[in-house]
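Notes for the one structure printed next.
The values are calculated or read from the model by the stated rules, or taken from the named source; none is laboratory data. All values derive from a computational prediction rather than experimental measurement. Here the Cβ positions follow ideal geometry from the backbone for every residue, glycine too, while neighbour counts run over all protein chains shown. These area figures cover heavy atoms from the full protein model, side chains too; ligands, DNA and RNA do not enter into them. Shrake-Rupley method; radii C 1.70, N 1.55, O 1.52, S 1.80 Å.
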Amino acid sequence: MRYRTNNEGTGYRGKDHDQPIKREAEHFEHCPICGQDFDMRDLGQVLHHAGAEHQPVPVDQ
Ligand SMILES: [Zn+2]
């Protein structure tokens, strides 16, 4: 789906906000403290890894 702000009256052509699409891996950061990769879109994970001392978030296997 494309979201544009085109205006036929003025001829203005809106910017295409669909591009570029980030690859899934680009949303992840590597934590220098615990060594775990975490999703920057998940506030819970971001706040966990913001602590000065912490362990990796337990992951269900
Ligand atoms: Zn961490």
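Figure legend. Inter-residue proximity from segment 38-53: first residues farther than 16 Å from GLU24 by Cα, second residues more than 9 Å from the ligand (Cβ to nearest atom) and open to solvent by 80 Å² or more (accessible area, probe 1.4 Å), beta-carbon distance below 9 Å, spacing 6+ or different chains. Indicated pairs: VAL46/GLU29; VAL46/MET40; HIS49/GLU29.
Listed here are the residues, each with its yes/no results for (1) at pLDDT 85 or above; (2) within 19 Å of the chain's Cα centre (by Cα); (3) part of a loop (DSSP other than H, G, I, E, B); (4) small (Gly, Ala, Ser).
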{"residue": "ARG2", "(1), (2), (3), (4)": "no, no, yes, no"}
{"residue": "THR10", "(1), (2), (3), (4)": "no, no, yes, no"}
{"residue": "LYS15", "(1), (2), (3), (4)": "no, no, yes, no"}
{"residue": "GLN19", "(1), (2), (3), (4)": "no, yes, yes, no"}
{"residue": "GLU26", "(1), (2), (3), (4)": "yes, yes, no, no"}
{"residue": "LEU47", "(1), (2), (3), (4)": "yes, yes, no, no"}
{"residue": "HIS54", "(1), (2), (3), (4)": "yes, no, yes, no"}
{"residue": "VAL59", "(1), (2), (3), (4)": "no, no, yes, no"}
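Which of the residues belonging to segment 28-45 are assigned to a loop (DSSP other than H, G, I, E, B) and either more than 12 Å from the ligand (Cβ to nearest atom) or exposed (fewer than 10 other Cβ atoms within 10 Å of the Cβ) (or both)? Of everything in segment 28-45, those that are assigned to a loop (DSSP other than H, G, I, E, B) and either more than 12 Å from the ligand (Cβ to nearest atom) or exposed (fewer than 10 other Cβ atoms within 10 Å of the Cβ) (or both) turn out to be PRO32, GLY35, MET40, ARG41, ASP42.
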